[in-house]
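Reviewing the structure listed below.
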Amino acid sequence: MPTFQADEAQSYEQRITRLIPGYDLLHELTAAQLKTLLPDEATILVIGAGTGKDILALAQLNPHWHFIAQDISEDMLAIADQNFTNSGLSSRVTIVCGELEPNMGHIDAALCLLVMHFLPDNGDKQALLKTIRAQLPSRAPLFLADLMAPETEFERESQLVACRELGLTEVGEQRMRHNLQHEFFALDRMRLAELLDHTGFGVPHYYFKALGFTGIVCRAE
Ligand SMILES: C[S@@+](CC[C@H](N)C(=O)[O-])C[C@H]1O[C@@H](n2cnc3c(N)ncnc32)[C@H](O)[C@@H]1O
């Protein structure tokens, strides 16, 4: 997994839009669904909040929601904290650095965007989903986005072409090629549905697909 520390945190916001076609759209579509689903008074748990992109997109759509920004990288959260201050959001966000713990209080919805694909499917993905499920009341939505297993033999190569079009350098392309093979633990649709079922979530509904990068929403059962 990339470290998301030091330089990797500092360069994240520049890098990520070149690595993930439709990165902004993923966040806009996620936020639009939450606006449709949640009342004004709601708390949203963001697992792997990074530099705060998820929360900045959500906060634009509703001036009342509260957020918990959780991440294991102090450096990413330091940038998020500055972004929240710059946007006047600090009083609406609780920042939690470290592994996700149970009992974070009442949560109405959870997001885990571009995080779980870094965890191997050796029990780690299941453990994360279980901890998220333990935070949610029944029927609460979970939005999940990850790199998934390629659906055609030309999908991954096409993804690199798309990244070059987005401004990724040749060196960046080589790194991404390596990462796609060695740093991501991509699930196929059957295995994702199985893991969600085993951890107390319902059927995944697909709402975002940019070649391998895929967004789903499901509900706590
Ligand atoms: C690609 S970034 C995504 C950040 C943000 N969700 C976004 O869409 O920009 C992945 C983030 O997940 C965090 N992360 C990795 N493993 C994690 C875990 N087990 N629990 C929480 N955060 C994790 C990393 O530190 C990093 O900030």
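The values are calculated or read from the model by the stated rules, or taken from the named source; none is laboratory data. Every value quoted in this text rests on a predicted model; they were computed, and no experiment measured them. All Cβ positions, even for glycine, are placed from backbone atoms using ideal geometry, and neighbour counts span all protein chains on display. Each accessible area value is taken on the protein alone, full model and side chains, heavy atoms only, with ligands, DNA and RNA left out. Shrake-Rupley method; radii C 1.70, N 1.55, O 1.52, S 1.80 Å.
5 Å is the cut-off here: which amide hydrogens, built 1.01 Å from N in the peptide plane, fall below it relative to Leu111, excluding neighbours closer than 5 in sequence?
Placed amide hydrogens put Leu45, Val46, Ile47, Phe143 under 5 Å from Leu111.
Provide the percentage of antiparallel DSSP beta bridges, counting only those with both residues in the chain; round to the nearest 5.
40 percent
What is the magnitude of the charge dipole of segment 1-43 about its Cα centre, with +1 placed on the Cβ of each Lys and Arg, -1 on the Cβ of each Asp and Glu, and no other charges, expressed in debye to the nearest 20?
The dipole of segment 1-43 has a size of about 180 debye.
Averaging the inverse of every distinct alpha carbon separation and then flipping it gives the Kirkwood radius. What is it for the chain, in angstrom units?
After inverting the pairwise mean of 1/r, the radius is 17.7 Å.
Given springs between every Cα pair under 10 Å in a Gaussian network model of the chain, which of Gln181, Gln159, Gln82 has the largest fluctuation?
Highest fluctuation of the listed residues: Gln181.
Assigning unit charges at the beta carbon (Lys, Arg +1; Asp, Glu -1) and nothing else, what dipole magnitude in debye, to the nearest 20, does the chain show about its Cα centre?
Dipole about the Cα centre, nearest 20: 400 debye.
Using a ≥ b ≥ c from the Cα gyration tensor of segment 106-173 (square roots of the eigenvalues), is it rounded, prolate or oblate, where a/c under 1.5 gives rounded and otherwise the larger of a/b and b/c decides, a/b for prolate?
Taking the square roots of the gyration eigenvalues as a ≥ b ≥ c, segment 106-173 is prolate.
Using label points projected 7 Å from each Cα along Cα→Cβ, tell me how many nm separate Gln33 and Asp188, to one decimal.
Distance between the two pseudo-spin positions: 2.3 nm.
Could you work out the helix-only [θ] at 222 nm for the chain, with each DSSP H run of four or more residues adding -39,500 (n - 2.57) and the total divided by the number of residues, to the nearest 500 deg cm²/dmol?
Working: 9 runs with 96 residues, N = 221.
The helix-only estimate for the chain comes to -13000 deg cm²/dmol at 222 nm.
Heavy atoms of the protein only, probe of 1.4 Å, neighbouring chains included. What is the accessible area of His117 in Å², nearest 10?
The accessible area of His117 comes to roughly 0 Å².
Would you mind telling me which residue in Gly200, Gly88, Gly52 has the biggest mean-square fluctuation in a Gaussian network model of the chain, where springs connect alpha carbons within a distance under 10 angstrom?
Its mean-square fluctuation being the largest, the pick is Gly88.
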